[in-house]
Amino acid sequence: MRRTSRKKRSTLANRAIAASAALILGGGGLVAVNVYASAGEGPSGSSPPTRTQNAGRQLSTIDCPEAVNGLPEVPDEARGEVDRELAAMDTQITDAYRQFADRKEQIARDPGLAENAVLGPLRSKRTASLDRIGIAIGRAGERPAGLESLAGCSLRADDSRGGNGGGRGDGNGGGDGGQDDGQGQDQGQNQGQDGGQGQDPGQDPGQGQDPGQGEDPGQDQGQGGNGPVAADFVDIQSVQPNVDRPRQRRGASRGTFTTDCGRNENGKFNPDNVIVAPGVSNGAHHMHDYIGNQANDAFASDDDLANGATTCRNQGDRSTYYWPVLRLQNGQDENDVDADGGGRDQNVGEIQTPSQVTLKFVGSPVGRVTAMPRFLRIITGDAKAFTNGDANANASWSCTGFEDRQLTDKYPICPEGSQVVRTFAFQNCWDGQNTDSANHRTHVAFAQENGRCPSGFRAVPQLVQRIVYDVPPGPGFAVDSFPEQLHKPITDHGDFINVFDDRLMNKMVRCINDGRRCR
């Protein structure tokens, strides 16, 4: 896809990169605290809001239970069919959201229209998909009971509020999505380091500031008309430092391994997700940036990835690294304005090429790491965290020069000369057996508060991904998202498939365990 040309902005922003290089997370650097806070309202979509609850609130989106969280372990023989049905259910929500958005004013006047025109038909389609999922699982094992309970969806308001830019969720309805990385560990830890060393998760980094600049938090913004809203942004200078240095214990693996795979200068984009929706075009309903392996699309097999070209400088790394694109909401259209994943899914605006991407693998604060298996798949964060709740959220937003202040549910407004930073610290524990799992989460986990992996898991090199953007100061940008997720910052996420060859993976492990810095 050809990107729209953009003007070069102040060189002061570029200088800020070097000034903040020491703040790259991991390897003895700074580690962001990602505090888990459930809204405590039960599974997402479990009980539609009443008219009284929604009185005076602008209904903004469709909230459905995350079906994958309600499934038992899916037999390998059924996984392909189940994945396709789950992807079809995402499309059903997308289509229903479009109908809701087109009729929002009518629905506000006549709430019964939502049930008849949007929610009722959506429930019927979801029921049919869940029935097919049950049949597919039943062919290979025992058919799960009660799947029909996952069919219901509701309309909900955008509950964005100003002044809470830190690690807590934004109070958006829904609990933990029925999932805690499969291990029961507290996601309030700082993503596999040392649990934040006692930081108070209740602090309010936003300092009560109204980032909406007096606007209604429910007011539509963005070129696509479905977000983000003003209350999704906060001035990074108003946020209190909320990052601690990890405490490394005796025997820690203190080394680092950095791989250089570029910034997607060649413009590889697609709206697929070969991890979550293999074999399904537009499985993500938003556009991804890709660096590393160039064979990645919905239909890529492990063999395709093993033989694919790579943008990585070291050809022993054919891994694939991808994340939702970031766009300026500046009225400029891309070539995908009429395409799936782009304008058809309400992702519009000028795609930004990062000014810098750093891919660093770091060790464990309590011991040695072991090699990752080839084709290990890891998803960090939750693309549906706005409606699922923040149990699996792992967004981390900041600005160069301010990376001791990390935001989970707000976009940062950076001062002149500072650049927007997205950071992902991936799961650093592996179950020792599986390269993937039915929900794409339970085969990996974050380390516990004491830095050790959960029982049955082993420490592997932790990917820490830092993506920097030179965008104009202010609230005029957003990440791509599923349409019903309203471009919320908390939905940010990253994907990784390990395709290191054995020689280079072993070199990485030795470097990290020996305390060296390698490339």
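Quick notes
- Within the stretch 360-390, tally of residues that are assigned to a strand (DSSP E or B) and not hydroxyl-bearing (Ser, Thr, Tyr): 7
Per-residue answers, yes or no, for (1) surrounded by 24 or more Cβ atoms within 10 Å (Cβ to Cβ); (2) in contact with a His (Cβ under 9 Å, 6 or more places away or on another chain):
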{"position": "Arg374", "(1), (2)": "no, no"}
{"position": "Ala383", "(1), (2)": "yes, yes"}
{"position": "Ser396", "(1), (2)": "yes, no"}
{"position": "Gly401", "(1), (2)": "no, no"}
{"position": "Pro415", "(1), (2)": "no, no"}
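- Single match in Glu148, Glu115, Glu105 (criterion: in contact with an Asp or Glu (Cβ under 9 Å, 6 or more places away or on another chain), modelled with pLDDT of 50 or more, over 30 Å from Arg452 (Cβ atoms) and not in a loop (DSSP other than H, G, I, E, B)): Glu148
- Taken over the stretch 403-413, the residue count meeting the criterion of being surrounded by fewer than 24 Cβ atoms within 10 Å (Cβ to Cβ) and either touching a Gly at 6+ places or on another chain (Cβ under 8 Å) or without any contact (Cβ under 8 Å) to a residue 24 or more places away in the chain (or both) is 1.
- Selection status of Arg327, within 28 Å of Asn226 (Cβ to Cβ), modelled with pLDDT of 95 or more and of a type in the set (Lys, Arg): yes
- Matching residues in the stretch 464-483 - criterion: being of a type in the set (Gly, Ala, Ser) and over 17 Å from the mean Cα position of the chain (by Cα): Gly474, Gly476
- Residues considered: Thr442, Thr435. Of these, the only one that is over 26 Å from Asp260 (Cα atoms), surrounded by fewer than 24 Cβ atoms within 10 Å (Cβ to Cβ) and of a type in the set (Val, Ile, Thr) is Thr442.
- Flag if Gly262 is at positive phi and in a loop (DSSP other than H, G, I, E, B): yes
- Meeting the requirement of 2 or more residues that are at pLDDT 95 or above and touching a Cys at 6+ places or on another chain (Cβ under 9 Å), the strands (runs of 3 or more DSSP E) wholly within the stretch 391-475 are 397-399, 411-413, 420-425.
- Residue under evaluation Gly342, criteria (1) out of contact with any strand residue (DSSP E or B) (no Cβ under 7 Å at 6 or more places or on another chain); (2) modelled with pLDDT under 95, criterion not met: (2)
- Single residue of the stretch 318-334 satisfying the filter (within 21 Å of Thr423 (Cα to Cα) and of a type outside the set (S, T, N, Q)) that is surrounded by the fewest Cβ atoms within 10 Å (Cβ to Cβ): Leu328
- Within the stretch 215-253, being at pLDDT below 90, open to solvent by 30 Å² or more (accessible area, probe 1.4 Å) and within 30 Å of His286 (Cα to Cα) holds for Glu215, Asp216, Pro217, Gln219, Asp220, Gln221, Gly222, Gln223, Gly225.
- Evaluation of Pro121 against (1) at pLDDT below 95; (2) open to solvent by 30 Å² or more (accessible area, probe 1.4 Å); (3) over 22 Å from His286 (Cα atoms) (one fails), failing number: (1)
- Every residue from the stretch 97-129 that is of a type in the set (A, V, I, L, M), in contact with a helix residue (DSSP H, G or I) (Cβ under 7 Å, 6 or more places away or on another chain) and without any contact (Cβ under 8 Å) to a residue 60 or more places away in the chain: Ile107, Leu113, Ala114, Ala117, Val118
- Test for Gly342: is it touching a residue at least 24 places away in the same chain (Cβ under 8 Å), farther than 20 Å from Ser437 by Cα, open to solvent by 10 Å² or more (accessible area, probe 1.4 Å) and not acidic (Asp, Glu): no
- Qualifying residues in the stretch 466-508 (those that are basic (Lys, Arg) and open to solvent by 10 Å² or more (accessible area, probe 1.4 Å)) - the one nearest to Ala295 (Cα to Cα): Arg503
- Lone qualifier among Val357, Val337, Val348 - being among the β-branched types (Val, Ile, Thr), surrounded by 20 or more Cβ atoms within 10 Å (Cβ to Cβ) and assigned to a loop (DSSP other than H, G, I, E, B): Val348
- Of all residues in the stretch 273-291 being part of a loop (DSSP other than H, G, I, E, B) and hydrophobic (A, V, I, L, M, F, W, C), the one that is most open to solvent (accessible area, probe 1.4 Å): Val276
- Taken over the stretch 132-145, the criterion of being in contact with a helix residue (DSSP H, G or I) (Cβ under 7 Å, 6 or more places away or on another chain) and either open to solvent by less than 90 Å² (accessible area, probe 1.4 Å) or assigned to a helix (DSSP H, G or I) (or both) is satisfied by Arg132, Ile133, Gly134, Ala136, Ile137, Arg139, Ala140, Pro144.
The values are calculated or read from the model by the stated rules, or taken from the named source; none is laboratory data. Keep in mind it's a predicted model, so treat the numbers as computed, not measured. Quick reminder, even Gly has a Cβ in these numbers, built from the backbone with ideal geometry, and neighbours come from all protein chains shown. Keep in mind that these areas ignore ligands, DNA and RNA; they rest on the heavy atoms of the full protein, side chains included. Shrake-Rupley method; radii C 1.70, N 1.55, O 1.52, S 1.80 Å.
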